[in-house]
1. Rg(Cα) of segment 149-190 divided by 2.2 N^0.38 Å?
2. Which value, in Å², gives the accessible area per residue of segment 108-151 when a 1.4 Å probe is used on the protein heavy atoms?
3. Return the carbon/sulfur percentage of the accessible area of segment 122-162, one whole number, probe 1.4 Å, all protein chains in place.
4. What does the C-alpha gyration tensor say about the overall shape of segment 129-168? Classify as rounded when a/c is under 1.5, otherwise prolate if a/b is larger than b/c, or oblate.
5. Could you quote the convex hull projected area for segment 76-163, Cα atoms only and averaged over all directions, in nm²?
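The values are calculated or read from the model by the stated rules, or taken from the named source; none is laboratory data. It should be emphasised that the depicted structure is a prediction, and the values quoted were computed from it without experimental measurement. Surface accessibility is based on the protein's heavy atoms, side chains included, excluding ligands, DNA and RNA. Shrake-Rupley method; radii C 1.70, N 1.55, O 1.52, S 1.80 Å.
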Amino acid sequence: MFLLVGVQGTPLRRLGHGDSSIELDALRRRAVRVVERAAQEQPPEVAAAVAEAVETITPQVSALPELVYEAAVIDAMRRTGASIDPTHRPGPGDRGVDARVQVGAGKVNVQVKLRRRGSLGARDIEHAAAKARRSGFDGGFLLITNAPLSEDARAFNAGLSPAGGGVEAITWNDSRDDDLLARALARNAR
C-alpha cells in the first residue's frame, strides 16, 4: 500500500479496514485547529509547547511551529502599536507577505521565517527580496526570523540605504525583542 501511495503521489487519508480504521486527514485538520487556537489565545511559550506536543503526536503536521511563531510575531507587532491589515491572509496566494502592517503613515510588508536550525544568511534575504519585488505591494519590506543573522546577513543589512527599497532582516524571539521589532518597523514604513 505504501508503495502505491509513493508511486501514485496521493496522500494517505485512511489506514485500516472497516470499523478499525483511522482517518488521518481529519486528525491533521483537528491538530491544526488546536494549534491555531493556542496561538491566538495563549502566550507564545504555551502555544509553542502545544505545537511541539501536537507535532510529536501527529508528525505529518509539520507546519505547526511556523504557525505559532507567525502568530507570536503578529501579536508582538500589535504590542508595538502597529496595525495589522485584517484583509490580508497569509498562506497560498499571499505573494510572499505574511502580514501587511500600518506603522504611522507608512506600510510594511512582513515575511516571517522560522528556522529550526542554523542562522539566516544573505541568500535568505535575497530570496525574500525577490519575492518582495514580485509582490506588487506598496510599502517597505521586513523579514523576521527566530534565527541569528549570519555575518553575511548582517553585512547585507548594513549595506541597505536609509532611503529604503531593500529588505531588512531582524531576529525576534520573544517580548524582549519587541523594541528591536518596533524600530525595524518604523525604519521600513513607507
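1. On the way: Rg = 10.8 Å, N = 42, 2.2 N^0.38 = 9.1 Å.
Dividing the Cα Rg of segment 149-190 by 2.2 N^0.38 Å gives 1.19.
2. Values: 2140 Å² over 44 residues.
Value for segment 108-151: 49 Å² per residue.
3. 53 percent
4. oblate
5. The number I arrive at for segment 76-163 is 6.4 nm².
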